[in-house]
Amino acid sequence: MPFKADFVKRELLDDILGWFKDSRVIILTGIRRCGKSTLLNEIMRSMSGWCYVNFEDERFLDFKAQDFEALNEVLIEAYGKVNVYFFDEVQNIDKFETFVRRLQDQGKKVVITGSNASLLSKEFGTRLTGRYKPFEVYPFSFR
């Protein structure tokens, strides 16, 4: 379960929430420690009917693309039927794009976080061309 805390509202939040009406996958990219996961938490706090997985958890070290269906069954058991999937640092799983695409084809909304280099790689872009909306997350400014 995501952590609970009080947040300073990010300027990017309203723009991201506006894309929930669109079928594309939402991608939050940026440098390490810029606030991607915290922004993800802020998005989750503003809605219901979602599930969350943090792929930096050590229990996913041996996780493979073939394991996604079993994970999906566990998520349904834990969260019930959901329409929004939040995947934090999903680029740690090789070929995750195939599962994300299947969820999208089923009409699910998918929001993922990760580094620019991993998420916007050539392979990722090929599998999900035209199917995602990237948002660059920057560390807080003094403004």
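The values are calculated or read from the model by the stated rules, or taken from the named source; none is laboratory data. Keep in mind it's a predicted model, so treat the numbers as computed, not measured. Every residue, glycine among them, receives a Cβ derived from its backbone with ideal geometry; neighbour counts consider all protein chains shown.
Figures for the structure shown
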quantity	calculated
Positions within region 86-111 being in contact with an Asp or Glu (Cβ under 8 Å, 6 or more places away or on another chain) and either closer than 18 Å to Glu58 by Cα or at pLDDT below 90 (or both), in sequence order	Asp88, Glu89, Asn92
Close pairs from region 36-62: first under 16 Å from Gly80 (Cα atoms) and in contact (Cβ under 8 Å) with a residue 24 or more places away in the chain, partner outside any helix (DSSP H, G or I) and among the acidic types (Asp, Glu), Cβ under 8 Å, at least 6 apart	Tyr52/Asp88; Val53/Asp88
Some residue of region 120-137 being hydrophobic (A, V, I, L, M, F, W, C), in a loop (DSSP other than H, G, I, E, B), at pLDDT 75 or above and under 18 Å from Leu39 (Cβ atoms)	yes
Count of region 1-16 residues which are in a helix (DSSP H, G or I) and either modelled with pLDDT of 95 or more or of a type in the set (Asp, Glu) (or both)	3
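Each row is one residue, and each column tells you yes or no for (1) loosely packed, with under 12 Cβ neighbours inside 10 Å; (2) closer than 15 Å to Arg102 by Cβ.
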residue: Gly49; (1), (2): yes, no
residue: Asn54; (1), (2): no, no
residue: Phe68; (1), (2): no, yes
residue: Asn72; (1), (2): no, yes
residue: Leu75; (1), (2): no, yes
residue: Lys81; (1), (2): yes, no
